[in-house]
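See structure below.
The values are calculated or read from the model by the stated rules, or taken from the named source; none is laboratory data. For clarity, every value in this text was computed on a predicted model and none was experimentally measured. Positions of Cβ are backbone-derived with ideal geometry, glycine not excepted, and every protein chain shown enters the neighbour counts. What goes into the accessible areas is simple: the full protein's heavy atoms, side chains included, and nothing from ligands, DNA or RNA. Shrake-Rupley method; radii C 1.70, N 1.55, O 1.52, S 1.80 Å.
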Amino acid sequence: MELRHLRYFVAVADAASFTAAARGLNISQPPLSQQIRDLEAEVGTRLFERSSRNVELTEAGGNFLEHARMILGQVEHAVQQARAIGSGQVGTLNIATTGSVLLGPLSNLIARFRSAWPGVFVRIHEMDPEAQEAALLSHRTDLSFVRRPRNNPDLVAHVAWHEKVGVTLPEHHRMAGSETIELGDLRKENFVFLRLADSRFARYLHDCCVAAGFVPDITNEVVESYSLTSLVAAGLGVALVPECISTLSRPGVVYRPLAEPAPEADVYVISRPNPGPVIAAFLEAAQGSPDNGIDAEVG
């Protein structure tokens, strides 16, 4: 039994006429009559009572009509869903990121995307960068937003938006009133730092300090950038943080930019090659964003 048998059957039932149904289907009547006879043979009973004047459904035909309409409706729904998924209009987008990245433009980007693509459900997964890479490669997530990504030939990285690194200080620190601070001027400070063992970004900041002429004296390490402000407020040291941390309002702490050339805290979006339609739609929406367009691919 094929779908065309069901469509022909429903057309004849609706028209109550082989002639009218054939006209509506844009086929000749003899092939239509043969298709209905083939259908009845496969079902094993007559579906229509035929006379010289009209065509009527049998009791079996009336019951079969209900099921035929339901089947055709389900097929049409499946076709529409497949087309919508194929065009990126519906689906699920799994985004992995860190908590500090969510403080930047990502939340606004997601909001704009959901407004333009309401049929796509966005799920956020907060995890460290190493776990994000593994999740991408195993197809558990679709996109990652990280700083200082590892060069992986199986993944594609683009700059999502640019950020600089600044410094958070206790509000009564001797440099708290400065407009900008030279990184080298922090050489005698105690530092609270992202955990070097887990964070490529932390190791990059450590290298920047070394390039500025000193090895940072690290008193405490944490996993997330926004946790550093609590340690600074407690007087445990100063912290090098992405500029998005400046949006956090915390009593007892001030944020000051570093003098140029300041270390970079750029955020990258990572995806697998040849992304599907939903992922491609998100990347396209990000590229069209006025404040955080995705730049060219980086190696």
Condition first: modelled with pLDDT of 95 or more and in contact with a strand residue (DSSP E or B) (Cβ under 7 Å, 6 or more places away or on another chain). Now tell me which residues in segment 197-218 satisfy that.
205, 216, 217, 218
Failed item, numbered, when residue 248 is tested on (1) modelled with pLDDT of 95 or more; (2) surrounded by fewer than 18 Cβ atoms within 10 Å (Cβ to Cβ):
(1)
For the subset of segment 223-245 comprising residues that are open to solvent by 30 Å² or more (accessible area, probe 1.4 Å) and outside any loop (DSSP other than H, G, I, E, B), which member is modelled with the lowest pLDDT?
226
Any residue at all in segment 266-281 that's open to solvent by less than 10 Å² (accessible area, probe 1.4 Å), closer than 30 Å to residue 171 by Cβ and either part of a strand (DSSP E or B) or at pLDDT below 80 (or both)?
yes
Taking segment 134-155 and keeping only residues that are closer than 18 Å to residue 106 by Cβ and within 15 Å of the chain's Cα centre (by Cα), one is left with 135, 136, 141, 142, 143, 144, 145, 146
Could you tell me whether any residue of segment 157-172 is farther than 21 Å from residue 270 by Cα and either of a type in the set (Asp, Glu) or surrounded by fewer than 16 Cβ atoms within 10 Å (Cβ to Cβ) (or both)?
yes
Give the residues of segment 16-60 that are free of Cβ contacts under 8 Å to residues at least 12 places away in the same chain and assigned to a helix (DSSP H, G or I), sorted by residue number.
19, 20, 22, 23, 29, 30, 31, 34, 37, 40, 41, 59
Among 113, 193, 121, which is the only one that is farther than 22 Å from residue 229 by Cβ, touching a Leu at 6+ places or on another chain (Cβ under 9 Å) and either open to solvent by 40 Å² or more (accessible area, probe 1.4 Å) or part of a strand (DSSP E or B) (or both)?
121
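If only one of 210, 215 is open to solvent by 30 Å² or more (accessible area, probe 1.4 Å), over 27 Å from residue 107 (Cα atoms) and in a helix (DSSP H, G or I), which one is it?
On the way: 215 fails: in a helix (DSSP H, G or I).
So the residue among 210, 215 that is open to solvent by 30 Å² or more (accessible area, probe 1.4 Å), over 27 Å from residue 107 (Cα atoms) and in a helix (DSSP H, G or I) is 210.
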